[in-house]
Amino acid sequence: MRVLIAPPFLVVAACLAGCGSPPPSARAESPLTLEQWKALPAETKYEIDSLERLKQGSPKLQDQREWEKFTRDVLLPARKKELPDRKSR
């Protein structure tokens, strides 16, 4: 009798464990504002995915000239300050 009761219980428990907040990959794909980007830890702030999300979150940075200006004036100096032991790309 226990064999018949255990599987439905496990199915319900598995469903409940999966409910709640959206999966991490869905949250990670959302655009970032400049303030959100600045608040990220240094380890993730300069990853390509984070920078792409920043571009998506700011219409101004979607323009190539503005992105290059942001990179030169904000991104590279901040990276040198936060990650001094790594070389800039």
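See the values below:
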{"quantity": "Within region 33-74, considering residues that are under 24 Å from residue 85 (Cα atoms) and among the hydroxyl-bearing types (Ser, Thr, Tyr), the one surrounded by the most Cβ atoms within 10 Å (Cβ to Cβ)", "calculated": "46"}
{"quantity": "Pairs where the first residue, in region 45-62, is part of a helix (DSSP H, G or I) and the second is among the acidic types (Asp, Glu) and modelled with pLDDT of 95 or more, C-beta under 7 Å, 6+ apart", "calculated": "60/66"}
{"quantity": "Residues satisfying the stated conditions in region 27-43, i.e. in a helix (DSSP H, G or I), of a type outside the set (Asp, Glu) and within 16 Å of residue 71 (Cα to Cα)", "calculated": "34, 37, 38, 42"}
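The values are calculated or read from the model by the stated rules, or taken from the named source; none is laboratory data. If you're wondering where the values come from, they're calculated on a predicted model, not measured in any experiment. Glycine also receives a Cβ, built like all others from the backbone with ideal geometry; neighbour counts cover every protein chain displayed.
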